[in-house]
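Read through the structure below, which is laid out as structure tokens, and then see the notes.
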Amino acid sequence: MTVEDRRIAGLSGAVGALLCLIALAMASMDAHAALIGWLAAFAFVSALPLGSLCLALTLRTIPGQWREMLQPQTDLVALGFPLLIVLVLPVLFGLPDIYPWAGGAELSGFKAAYLAPAFFAVRTLVILCGASLLVIALRRQPPGRAALSVFGLVAFVPLHGVLSVDWLMSLDPKFHSSGFGLYILAGQVLTVFSALIVFRLPGRGEKQIAVLGPLLLTLLLLWAYVAFMQYFILWSGNLPPGVAWYRQRGEGGWAIVEYLMAASRLLPAFLLFFPPIRGNRRFLIALSVIVLFGSLLECAWLVLPSAGAGMGLATASFGLALIGMLLLYPSAIFLGAAAVAAKARRRRSA
């Protein structure tokens, strides 16, 4: 990274930190609404390190051309876990203002023990710190040895499900879906893969495009399958908590958001079935931008309906926090890469 890149990263980090502080300051007006907006932004940004780690583990487990193209980028983006740990702190300190179960709602049995605020915070921090250490360990793994990647992937999927249930599904403690964690994971991997295409594809050759297009189509179809199956099982089973959860997100203006979110995934998937589009750089970047827009809508659709009467403030907090977090991310990656490089130099000199 050049001196100019460092300066830009530092400036973006400073502006991002300021915007995040403004978003948090809104909690003085309505803590519940402001922190709901923060959680929605956090849900989107968390896809970058979490989705990248999932891809990094998969790339090291399954050989192919995609490993050479994507592994350096996924390893770099996954260095954002320390930032994620910092960004989750307002959620942990604001649990009573965000989640009904932490604010006095009565729970019984296993839910009461599992959703204890202290246990919630410990789970979150332990998993994120463990993921951060796994990222460092992966970079030290010798080429051709996939043992750590295999065991890491086996552990990552259920632990990611724990985070998905804790952060998002528990916004409604009555709602339960066994496939919710997989649904969130599919969306996060799709998000980071689309982001990699948008920011890394312009310099790629035709051979790389021929690989990335079908992969994007595969991830879109995976997300569509998981999302539809969750909806179908809950709705056809006429399970009241599940029906109520979808109804809250399918009424009024949220119905429009729901349709736009679905269209932003299904339309690109349909177009990617055509080889001329799938193999065209400009089309692939444009479709990836649409997918990213859909991911943004999805995070809002998942979280913001819980804001209730404070929807306006929650939306403002969401926008400010989202821009701030995204501006902070390049600085986090730069610091992470610098720390890893410094450790590598110390090992070589030892």
For this session: Can you work out which of the residues in region 127-147 that are in contact (Cβ under 8 Å) with a residue 60 or more places away in the chain and aliphatic (A, V, I, L, M) is nearest to THR61 (Cα to Cα)?
Result: ALA146
Exercise. Can you tell me which of LEU107, LEU87, LEU83, LEU70 is of a type in the set (A, V, I, L, M, F, W, C), within 30 Å of ALA210 (Cα to Cα) and touching a residue at least 60 places away in the same chain (Cβ under 8 Å)?
Worked result: LEU70
Exercise. Considering only region 246-260, how many residues are within 23 Å of the chain's Cα centre (by Cα) and outside any helix (DSSP H, G or I)?
Worked result: 2
For this session: Taking SER264 as the residue in question, decide whether it is of a type in the set (S, T, N, Q) and without any contact (Cβ under 8 Å) to a residue 24 or more places away in the chain.
Result: no
For this session: Can you tell me which residue among VAL226, VAL243, VAL189 is over 24 Å from the mean Cα position of the chain (by Cα), closer than 30 Å to PHE120 by Cα and of a type in the set (Val, Ile, Thr)?
Result: VAL243
Problem set entry | Pair list, Cβ < 9 Å and 6+ apart or interchain, from region 227-248 residues that are closer than 22 Å to LEU266 by Cα and touching a residue at least 12 places away in the same chain (Cβ under 8 Å) to residues that are part of a helix (DSSP H, G or I) and among the basic types (Lys, Arg) | ALA227/ARG265
For this session: Please indicate, with yes or no, whether at least one residue in region 6-26 is hydroxyl-bearing (Ser, Thr, Tyr), more than 30 Å from PHE119 (Cβ to Cβ) and either in contact with a strand residue (DSSP E or B) (Cβ under 6 Å, 6 or more places away or on another chain) or in contact (Cβ under 8 Å) with a residue 60 or more places away in the chain (or both).
Result: yes
For this session: Take the residues in region 90-104 that are assigned to a loop (DSSP other than H, G, I, E, B) and free of Cβ contacts under 8 Å to residues at least 12 places away in the same chain, then tell me which one is surrounded by the most Cβ atoms within 10 Å (Cβ to Cβ).
Result: GLY103
Exercise. Any chance region 43-61 includes a residue that's crowded, with 22+ Cβ neighbours inside 10 Å, closer than 18 Å to GLY310 by Cβ and of a type outside the set (Lys, Arg)?
Worked result: yes
Exercise. Only one of (1) closer than 26 Å to PHE42 by Cα; (2) of a type outside the set (A, V, I, L, M); (3) at pLDDT 90 or above is not met by PRO275, so which one is it?
Worked result: (1)
Problem set entry | So SER331, is it part of a helix (DSSP H, G or I), at pLDDT below 95 and buried (at least 20 other Cβ atoms within 10 Å of the Cβ) | yes
For this session: State yes or no: is ALA34 in contact with a Ser or Thr (Cβ under 6 Å, 6 or more places away or on another chain) and surrounded by 23 or more Cβ atoms within 10 Å (Cβ to Cβ)?
Result: yes
For this session: Mind listing just one residue for me: the one in region 112-121 that is part of a helix (DSSP H, G or I) and within 25 Å of the chain's Cα centre (by Cα) and, of those, farthest from ALA31 (Cα to Cα)?
Result: TYR114
For this session: Go through PHE293, PHE273, PHE318, PHE283 for me and flag whichever is hydrophobic (A, V, I, L, M, F, W, C) and in a loop (DSSP other than H, G, I, E, B).
Result: PHE273
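The values are calculated or read from the model by the stated rules, or taken from the named source; none is laboratory data. A quick note: this is a predicted structure, and the numbers were derived from the prediction, not measured. Heads up, the Cβs are rebuilt from the backbone with ideal geometry, glycines too, and the neighbour counts pull from every protein chain shown.
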